[in-house]
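Enquirer: Submitted below is the structure of interest, expressed as structure tokens.
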Amino acid sequence: MNHRRRADGIDPVARSRSRRRALQAIYAWQINHADERGLIAQFAHEQAHEAADLEYFEDLVRGVLRHVGELDAALAGHLDRGVDEVDAIERAALRIAAYELIHRPDVPYRVVINEAIDSTKRFGSEHGHTYVNGVLDKAAAALRSTEAHAR
């Protein structure tokens with residue numbers, strides 16, 4: 001499958017697929033606490049059958065697992081409940097987005113938010129994407145204040 005790559009070499013469709021796979025992997029980790037290597041191997045094998053950015057997928061999964069405390073702390077002030085009380089799909093989407101907002105400044109915050117909303121619409125509860133959008137709007141304003149205020 002041939003997608004349009006941007007001038008910087010990034011394939012946005014492959015990145016979106018990587019985020020969706022990362023959401024599934026983080027969700028699985030939240031449920032059964034599988035080890036990082038096994039988790040990545042399982043989902044990387046599944047990704048081999050579709051055009052996805054494997055390197056980005058691995059960065060997201062490793063990043064969330066290694067920085068989960070920092071990510072949860074960054075999200076906590078924008079949630080109306082404890083992180084562990086948030087629906088597991090929404091929690092996975094929020095953690096991935098928080099990782100991107102903090103550790104991937106090369107990804108515009110609007111892309112981060114839109115991708116999290118899209119993933120939550122696809123896999124989450126009926127109104128989960130609305131909750132994710134509200135939390136990430138506030139989180140992006142705090143974590144990417146210069147970028148968010150430049151719009």
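Enquirer: Rolling a 1.4 Å sphere over the protein heavy atoms, what is the accessible area per residue of the stretch 89-151, to the nearest Å²?
Expert: That works out to 48 Å² for each residue.
Enquirer: Okay, next question. How large is the translational diffusion coefficient of the stretch 8-122 in µm² per second when you combine the Kirkwood radius over alpha carbon pairs with Stokes-Einstein at 37 °C and 0.692 mPa s?
Expert: 233 µm²/s
Enquirer: Roll a 1.4 angstrom probe over the protein heavy atoms and tell me the percent of accessible area of the chain that is carbon or sulfur.
Expert: Answer for the chain is 48 percent, counting heavy atoms of protein chains only.
Enquirer: For Asp35 and Val83, what does the FRET efficiency come to when R0 = 25 Å and r is the distance between their Cβ atoms, rounded to the nearest 0.05?
Expert: 0.70
The values are calculated or read from the model by the stated rules, or taken from the named source; none is laboratory data. In this text, all values refer to a predicted model and were calculated from it rather than measured experimentally. A quick note on method: Cβ atoms are made from the backbone with ideal geometry, for glycine too, and the neighbour counts reach across all protein chains shown. For the accessible areas, the whole protein counts, side chains as well, though only heavy atoms, and no ligand, DNA or RNA atoms are used. Shrake-Rupley method; radii C 1.70, N 1.55, O 1.52, S 1.80 Å.
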